[in-house]
Amino acid sequence: MDENTKRIYDKYGINPEQREKENLEIIENLRNELDEMNEERIRKEFSEGIDENFDNYKPYLRDGLFYLFVEFESNIWQVVQCLTIKAYSASITLTNHIFERIFKLALILNDAGVAPKVVLQATHAACLRIVKLADLKRHAVDLV
């Protein structure tokens, strides 16, 4: 404690240890109040999100098609959870991670010569930024 603070404490008969203890109690009480308010807010927002959004996203949790890529099951669950509670930035990040991983696997399989068959009519044009059209055609199931 600096000399000026010590002089003020002495002048007004303030016990520094007692004052520190009181300040810590005040801080702890404020933190507890803040924690309670935050918990209430989060519970409310999550509950509202589930009530408003769960029915929209539940098909993604039960459709077996999404689990063809078993290693992505937990990521898909996390994306649905984020969408349900309106954590959109997190869901975008996770979705990007899934797509990036799927594209990497596709490239690896293509390089190994064991790429899965492709339905060209269902393939988005953006894939051409990553995969050559000739490679897609070579693996296409819908070309006659």
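Since every read-out is calculated from the coordinates, none of them should be taken as a lab result. Quick caveat: nothing in here was measured; it's all calculated off a predicted structure. When we count neighbours, we look across all protein chains shown, and the Cβ atoms used for this are built from the backbone with ideal geometry, even at glycine.
Looking only at segment 122-144, residues that are in a helix (DSSP H, G or I) and of a type in the set (Asp, Glu) come to 1 in all. Among the residues of segment 106-126, is there at least one that is of a type in the set (Lys, Arg) and under 25 Å from the mean Cα position of the chain (by Cα)? The answer is no; no qualifying residue exists. Only a single item in (1) farther than 19 Å from Phe99 by Cβ; (2) within 24 Å of the chain's Cα centre (by Cα) is not met by Ile26, and it is number (2).
Residues that are small (Gly, Ala, Ser) and over 26 Å from Ser74 (Cβ atoms) are absent from segment 90-106 altogether. Evaluate the following for Asp35: is it within 21 Å of the chain's Cα centre (by Cα) and either without any contact (Cβ under 8 Å) to a residue 40 or more places away in the chain or closer than 27 Å to Ser91 by Cβ (or both)? It is false that Asp35 is within 21 Å of the chain's Cα centre (by Cα) and either without any contact (Cβ under 8 Å) to a residue 40 or more places away in the chain or closer than 27 Å to Ser91 by Cβ (or both). Per the listing Ile76, Ile42, Ile98, Ile85, the residue uniquely touching a helix residue (DSSP H, G or I) at 6+ places or on another chain (Cβ under 8 Å) and more than 30 Å from His139 (Cβ to Cβ) is Ile85.
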